[in-house]
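The values are calculated or read from the model by the stated rules, or taken from the named source; none is laboratory data. Bear in mind that the values here come from a model prediction, so they are computed numbers and not experimental data. For neighbour counting, all protein chains shown are included, and Cβ atoms are generated from backbone atoms with ideal geometry for every residue, glycine included. Ligands, DNA and RNA are excluded from the accessible area calculation, which covers all protein heavy atoms including side chains. Shrake-Rupley method; radii C 1.70, N 1.55, O 1.52, S 1.80 Å.
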Amino acid sequence: MKASNDLIKKFGVDKIIHGLIGMLILAVCVVASVFLFGVSFPSVLGGMVLGTVSAWLAGKWKESKDDVPDMADIRATVRGALLADVVILLVWIVFRLIL
């Protein structure tokens, strides 16, 4: 509980939510890519690239609608997507080594 409170104090609820939205966008793109093109590395990589770009575009669009655009929110969205990229790559490597 202390770790989550420290995380919220350091970054703020807004930035954490933006990061989670970036992760969600990326996850949806990767899952859609895998369902459409099968479980292969190019399919996963294409979904990751599409998801990261989509998260960036969604962050830019959302901030363009605000009265005072905050570039830190866009960076938080993209950082969430990049964190999900790293996790997906690590899971891919582990499963390829096991199977």
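Every helix of 4 or more DSSP H residues in the chain counts as -39500 (n - 2.57), and over all residues that averages to -31000 deg cm²/dmol at 222 nm.
Here the mean projected area of the convex hull built on the C-alpha positions of the chain is 7.6 nm². Output the pairs from LYS2/LYS65; LYS10/LYS60; LYS2/LYS60 with a Cα-Cα distance over 29 Å in this structure; if there are none, say none. With Cα atoms farther than 29 Å apart: LYS2/LYS65; LYS2/LYS60.
Protein heavy-atom surface of segment 1-98, 1.4 angstrom probe: 76% of the accessible area is carbon and sulfur, with nucleic acids and ligands not counted. Could you pull out every whole DSSP H run in the chain that spans at least 30 Å of Cα extent along its own axis and averages -1.0 or higher on the Kyte-Doolittle scale? Once both thresholds are applied, what remains is 13-37, 41-65, 71-98.
In this structure the chain gives 69 Å² per residue of accessible area when probed at 1.4 Å with all protein chains present. Highest mean packing comes first when the peptides 38-50, 85-97, 14-26 are listed by Cβ atoms within 10 Å, giving 14-26, 38-50, 85-97.
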